[in-house]
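Shown next, in structure tokens, is the structure this report addresses.
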Amino acid sequence: MKRVLIIATGGTIASTSDGAGLAPTATGRELADKVPLIDTIAELGFVQPMNIDSTNMRPRDWLRIKDVIVESYADYDGFVVLHGTDTMAYTAAALSYLIQDSEKPIVLTGSQQPMASPFTDAKLNLYQSVLYAADDVSRDVSVVFSGKAIAGTRAHKQRTMSFNAFMSMNYPSLAYIRNDRIVRAGAGMGADAAPRTGAAPTVFDALDERVLVLKLTPELQPSIFELLKRDYDAVILETFGIGGIPDTLHDAIFGWVDSGRTLVVTTQVPEEGLDLGVYEVGRAYAENPGILKGDDMSTEALVAKTMWVLGQTRDPENVRKLFYREINHDRTPR
Ligand code: ASP
């Protein structure tokens, strides 16, 4: 029988209310005990590195989860991280960069309703996550939620209440899960997937937390870039449309880049990505090698990837190389 490690970190799935609002209390083992037939899929192990609302999840916690997986990697066939939905997409992206080329699947899941709620979605999400984590073909980091498996770099929380909370941004879902059946999409993702070789994943230990997302709004003041210099090494700029940046910000943006700090440009439009070459209001930024283009990556993945890249190197050429490397389906190269 396959062995799956449940790494419980909190979230709504583990939450109960004492009158002061939902907060996580249940352990991973208590949650699994509520899921019928789960022990027929895999032999489960449990570890509880934290029990928090994912609102409070920080990069140092991503590194702790990474450590737990690495320490028990040899003893299990797959991993299921129980996590709050609110920042799950960030953690899934971070784990995608911290543990690369993992032949063993690392699945994140949670729920919109607590396990203790009579109308919970927690049982099916946990059951199907263990099913996916115990499957021979699954690999790398993914989010399994509401009958879908999504690459860990492409998940985005789209709905605050519906069970169908996550969408796969600018990339197809990896699989649909119907009851007990995993239906995989795409060549190389089903029975024709490359067989496992037993190779160890590539693991990274460092992140630069000083990364900020800045969303353009009309009349944003250029002075913001000066103010950000104290606390941040990188800004991820969510531009208008396919890549429009107001003329008033031109000098401040180039001042930021020339100071040796990192600028990543993306779009605030949720779907289809960025192309700075289309309009005159974007062109000035298109050819500068110091400005990194987010293409069709999600903002969550850009945050995690920028933290990972700057955790590994400060050399501009190497920053570019790592940033444009395609990892766990995170970007579609042009
Ligand atoms: N606030 C909760 C969390 O992210 C929401 C959830 O889990 O659905 O931990």
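The values are calculated or read from the model by the stated rules, or taken from the named source; none is laboratory data. Nothing here was measured: the structure is a model prediction, and the numbers come from that model. Cβ sites come from the backbone with ideal geometry, for glycine too, and all protein chains shown count toward neighbours.
Among the listed residues 210, 230, 184, which satisfies the condition of being out of contact with any helix residue (DSSP H, G or I) (no Cβ under 9 Å at 6 or more places or on another chain), basic (Lys, Arg) and in contact (Cβ under 8 Å) with a residue 12 or more places away in the chain?
Result of the check over 210, 230, 184: 184.
Within segment 51-77, track down each residue that is within 16 Å of the ligand (Cβ to nearest atom), in contact with a Pro (Cβ under 9 Å, 6 or more places away or on another chain) and in a loop (DSSP other than H, G, I, E, B).
Residues satisfying the conditions are 51, 53.
Quick check on my filter: what residues within segment 109-141 are within 16 Å of the ligand (Cβ to nearest atom) and in contact with a strand residue (DSSP E or B) (Cβ under 8 Å, 6 or more places away or on another chain)?
Residues satisfying the conditions are 109, 110, 114, 116, 125, 126, 129.
If residue 280 satisfies every condition in (1) over 20 Å from residue 333 (Cβ atoms); (2) of a type in the set (Asp, Glu); (3) in contact (Cβ under 8 Å) with a residue 12 or more places away in the chain but one, which is the exception?
(3)
So, of the residues in segment 78-88 that are within 16 Å of the ligand (Cβ to nearest atom) and of a type outside the set (A, V, I, L, M, F, W, C), which turns out to be nearest to residue 106 (Cα to Cα)?
Going through the qualifying residues, I end up with 83.
With the checklist (1) within 16 Å of the ligand (Cβ to nearest atom); (2) in contact with a Ser or Thr (Cβ under 9 Å, 6 or more places away or on another chain); (3) closer than 20 Å to residue 61 by Cβ; (4) of a type in the set (A, V, I, L, M, F, W, C) in hand, flag the one item residue 106 doesn't pass.
Among (1) within 16 Å of the ligand (Cβ to nearest atom); (2) in contact with a Ser or Thr (Cβ under 9 Å, 6 or more places away or on another chain); (3) closer than 20 Å to residue 61 by Cβ; (4) of a type in the set (A, V, I, L, M, F, W, C), the lone unmet condition for residue 106 is (1).
From the list 147, 152, exactly one residue is free of Cβ contacts under 8 Å to residues at least 40 places away in the same chain, away from the ligand (no atom under 13 Å from the Cβ) and closer than 25 Å to residue 298 by Cα. Which is it?
Details: 152 fails: free of Cβ contacts under 8 Å to residues at least 40 places away in the same chain.
Of 147, 152, the one residue that is free of Cβ contacts under 8 Å to residues at least 40 places away in the same chain, away from the ligand (no atom under 13 Å from the Cβ) and closer than 25 Å to residue 298 by Cα is 147.
So, residue 160, is that one assigned to a loop (DSSP other than H, G, I, E, B) and either free of Cβ contacts under 8 Å to residues at least 40 places away in the same chain or among the hydroxyl-bearing types (Ser, Thr, Tyr) (or both) or not?
Values: assigned to a loop (DSSP other than H, G, I, E, B): yes; either free of Cβ contacts under 8 Å to residues at least 40 places away in the same chain or among the hydroxyl-bearing types (Ser, Thr, Tyr) (or both): yes.
In short, yes.
In segment 68-79, which residues are of a type in the set (D, E, K, R) and free of Cβ contacts under 8 Å to residues at least 12 places away in the same chain?
The answer is 71, and nothing else.
Looking at the structure I just gave you, is residue 51 without any contact (Cβ under 8 Å) to a residue 40 or more places away in the chain and not acidic (Asp, Glu)?
Judged against the criteria, residue 51 is not a match.
Test of understanding: among 74, 92, which residue is within 19 Å of residue 105 (Cβ to Cβ), of a type in the set (A, V, I, L, M) and exposed (fewer than 15 other Cβ atoms within 10 Å of the Cβ)? Let's see the steps before the verdict.
Values: 92 fails: exposed (fewer than 15 other Cβ atoms within 10 Å of the Cβ).
None of the other options fit; the residue is 74.
Would you please name the residue that is nearest to residue 11 (Cα to Cα), looking only at residues in segment 78-101 that are touching a Leu at 6+ places or on another chain (Cβ under 9 Å) and not in a helix (DSSP H, G or I)?
83
Residue 82 - would you say it is surrounded by fewer than 21 Cβ atoms within 10 Å (Cβ to Cβ), under 17 Å from residue 6 (Cβ atoms) and in contact (Cβ under 8 Å) with a residue 12 or more places away in the chain?
In short, no.
Among the residues that make up segment 18-38, is at least one of them within 15 Å of the ligand (Cβ to nearest atom), out of contact with any Pro (no Cβ under 7 Å at 6 or more places or on another chain) and within 22 Å of residue 193 (Cβ to Cβ)?
If we filter segment 18-38 for residues that are within 15 Å of the ligand (Cβ to nearest atom), which is where we start, we get 20-26, 28, 31.
Still in the list and also out of contact with any Pro (no Cβ under 7 Å at 6 or more places or on another chain): 20-21, 23-26, 28, 31.
Filter once more, so that each one left must be within 22 Å of residue 193 (Cβ to Cβ): none.
The answer is no; no qualifying residue exists.
For segment 278-334: of the residues being aromatic (Phe, Trp, Tyr) and modelled with pLDDT under 95, which is farthest from residue 202 (Cα to Cα)?
Step one: of segment 278-334, the residues aromatic (Phe, Trp, Tyr) are 279, 285, 308, 323-324.
From what's left, modelled with pLDDT under 95: 279, 285.
Values: 279: 40, 285: 33 Å.
So, considering only residues that are aromatic (Phe, Trp, Tyr) and modelled with pLDDT under 95, the one farthest from residue 202 (Cα to Cα) is 279.
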